[in-house]
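Undergrad: Handing you a structure now.
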Amino acid sequence: MHFHLTEEQAAIQDAVRGTLADNWPMERIHAFADGDADFDRTSWDALMGLGLGGMLAPDSGMGLLDAALVCEVAGEAAAAGPLIGQLLAVAAAAASGRGDAEALISGKTVATLVHGGSDYAPSARAADLFLIVDRARGVSLVPAVEATIQAVKAADRTRPMSKVAIAAGAGEVLFAATDPITARLADAALVLVAADALGGAQKVTDMSVAYAKEREQFGQPIGRFQGLKHQLAHMALDVEPARALVWYAAYAWDAELPDAPRAAAMAKAHLCDVYVRATRAAVAAHGGIGYTWEYGLNYWFRRAMADRAWLGSPAEHRARAATLAGW
């Protein structure tokens, strides 16, 4: 049993982190947030150029754990683009035998996720396909031309949302609600959002520690003050143990373990709460500068709120986890 990443997995994260550092720096995030676009082609093409689109294809030799590690780094960078929808669309298309899986793998065809029970999707105006994953109705792929899209003013400025209206019967049904793949895709989505939240929570913790070492008051770094030391320690102790929850949920999904659905629900519920707590603590640790637009901490704060609401609230998933446990 392995408790750490393999060299290959660490290399994947390093490659994604370096690519985003080059193509999605803070000044580019600011420009994107100030504009009207909901998709950044440059950073998207750079990520897809690494071959990430095909991670969940059956012949890739990878699995959800590898995809979660990528989403963790994407969350760390507050990356734009519907990465989670793209990964799941490839998995769904490949499993159903559709011929357009290759275009999805390359990233030339962009897919975003519309979760069952919600009318909202990230990067909807740039999407070519909408992947609908609904535990009660099944899995469908709908061409964008068959949907009505209305941009909305969302909190998350790095991953803008739009309201999507899709008529009944539109697109192609890939899997019925009773097909096990439907539930597995829905669970995979929860794990990937949890991974995004993990990356963001770690990022704001690291930002807070770095700031505490640099910012000085009364002739010494503020990180030497006991109150702030305790606050940073609490942040680290909140985030680091949660990492195992995400990794285990992804591993359980890959191995098709009996508790995989419950692990996915618990990961989504807990990590999104951790992310919100971490960003709130980070703003407090930074003091006044944490509230400024220029500093950029607000991007992760807003994304934490979006992750918490997207695909269902923590309370909803804790209730589902309890039901799955027979409580």
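The values are calculated or read from the model by the stated rules, or taken from the named source; none is laboratory data. Everything numeric in this text was worked out from a predicted model, so none of it was measured. Don't worry about glycine lacking a Cβ; one is built from the backbone with ideal geometry, like all the others, and counts go over all protein chains shown. Note: areas computed on protein heavy atoms with side chains; ligands, DNA, RNA excluded. Shrake-Rupley method; radii C 1.70, N 1.55, O 1.52, S 1.80 Å.
Undergrad: Please list, ordered by first then second residue, the pairs with beta carbon atoms under 7 Å, 6 or more apart or interchain, first in segment 268-291 and open to solvent by less than 10 Å² (accessible area, probe 1.4 Å), second not in a helix (DSSP H, G or I).
TA: From segment 268-291, the pairs are LYS268/LEU311.
Undergrad: Right, next: For segment 167-189, how many residues meet the condition of being of a type outside the set (Gly, Ala, Ser), within 28 Å of ARG41 (Cβ to Cβ) and crowded, with 18+ Cβ neighbours inside 10 Å?
TA: Qualifying residue count for the region: 2.
Undergrad: Shifting gears a bit: For MET207, are the conditions met, namely being over 21 Å from GLY312 (Cβ atoms), in contact (Cβ under 8 Å) with a residue 40 or more places away in the chain, open to solvent by 10 Å² or more (accessible area, probe 1.4 Å) and aliphatic (A, V, I, L, M)?
TA: The answer is yes for MET207.
Undergrad: Do the conditions hold for ALA233, that is, is it out of contact with any helix residue (DSSP H, G or I) (no Cβ under 6 Å at 6 or more places or on another chain) and either under 18 Å from GLY200 (Cα atoms) or outside any helix (DSSP H, G or I) (or both)?
TA: Working: out of contact with any helix residue (DSSP H, G or I) (no Cβ under 6 Å at 6 or more places or on another chain): yes; either under 18 Å from GLY200 (Cα atoms) or outside any helix (DSSP H, G or I) (or both): yes.
Answer is yes for this residue.
Conditions tested, residue by residue: (1) over 24 Å from CYS272 (Cβ atoms); (2) in contact with a Ser or Thr (Cβ under 9 Å, 6 or more places away or on another chain); (3) modelled with pLDDT under 95; (4) polar (S, T, N, Q).
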{"residue": "HIS2", "(1), (2), (3), (4)": "yes, no, yes, no"}
{"residue": "ALA21", "(1), (2), (3), (4)": "yes, no, no, no"}
{"residue": "PRO25", "(1), (2), (3), (4)": "yes, no, no, no"}
{"residue": "LEU69", "(1), (2), (3), (4)": "no, no, no, no"}
{"residue": "LEU83", "(1), (2), (3), (4)": "no, no, no, no"}
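Undergrad: Then there's this: Answer with yes or no whether PHE39 is touching a residue at least 40 places away in the same chain (Cβ under 8 Å), in a loop (DSSP other than H, G, I, E, B) and open to solvent by 10 Å² or more (accessible area, probe 1.4 Å).
TA: yes
Undergrad: Is it the case, given these coordinates, that TYR299 is of a type outside the set (D, E, K, R) and either within 12 Å of LEU198 (Cβ to Cβ) or not in a helix (DSSP H, G or I) (or both)?
TA: Details: of a type outside the set (D, E, K, R): yes; either within 12 Å of LEU198 (Cβ to Cβ) or not in a helix (DSSP H, G or I) (or both): no.
Spelling it out, it is not the case that TYR299 is of a type outside the set (D, E, K, R) and either within 12 Å of LEU198 (Cβ to Cβ) or not in a helix (DSSP H, G or I) (or both).
Undergrad: How many residues are over 15 Å from GLY63 (Cβ atoms), in a helix (DSSP H, G or I) and acidic (Asp, Glu) if we restrict to segment 178-208?
TA: 2
Undergrad: Might you let me know whether segment 249-262 holds any residue that is free of Cβ contacts under 8 Å to residues at least 24 places away in the same chain, crowded, with 20+ Cβ neighbours inside 10 Å and either in contact with a Cys (Cβ under 6 Å, 6 or more places away or on another chain) or in a helix (DSSP H, G or I) (or both)?
TA: Scanning segment 249-262, I find at least one residue that is free of Cβ contacts under 8 Å to residues at least 24 places away in the same chain, crowded, with 20+ Cβ neighbours inside 10 Å and either in contact with a Cys (Cβ under 6 Å, 6 or more places away or on another chain) or in a helix (DSSP H, G or I) (or both), so the answer is yes.
Undergrad: Please work out which residue is nearest to ALA94 (Cα to Cα), limiting yourself to segment 149-166 and to residues that are surrounded by fewer than 17 Cβ atoms within 10 Å (Cβ to Cβ) and among the charged types (D, E, K, R).
TA: Filtering first and then ranking leaves LYS163.
Undergrad: Taking the condition under 24 Å from ASN298 (Cβ atoms) and either over 14 Å from the mean Cα position of the chain (by Cα) or at pLDDT 95 or above (or both), does ALA79 pass?
TA: Values: under 24 Å from ASN298 (Cβ atoms): yes; either over 14 Å from the mean Cα position of the chain (by Cα) or at pLDDT 95 or above (or both): yes.
Here the answer is yes, as ALA79 does meet what is asked.
Undergrad: Out of (1) of a type in the set (D, E, K, R); (2) within 21 Å of VAL246 (Cβ to Cβ); (3) open to solvent by 30 Å² or more (accessible area, probe 1.4 Å), what's the single condition that is false for GLU72?
TA: Of everything listed in (1) of a type in the set (D, E, K, R); (2) within 21 Å of VAL246 (Cβ to Cβ); (3) open to solvent by 30 Å² or more (accessible area, probe 1.4 Å), GLU72 misses just condition (3).
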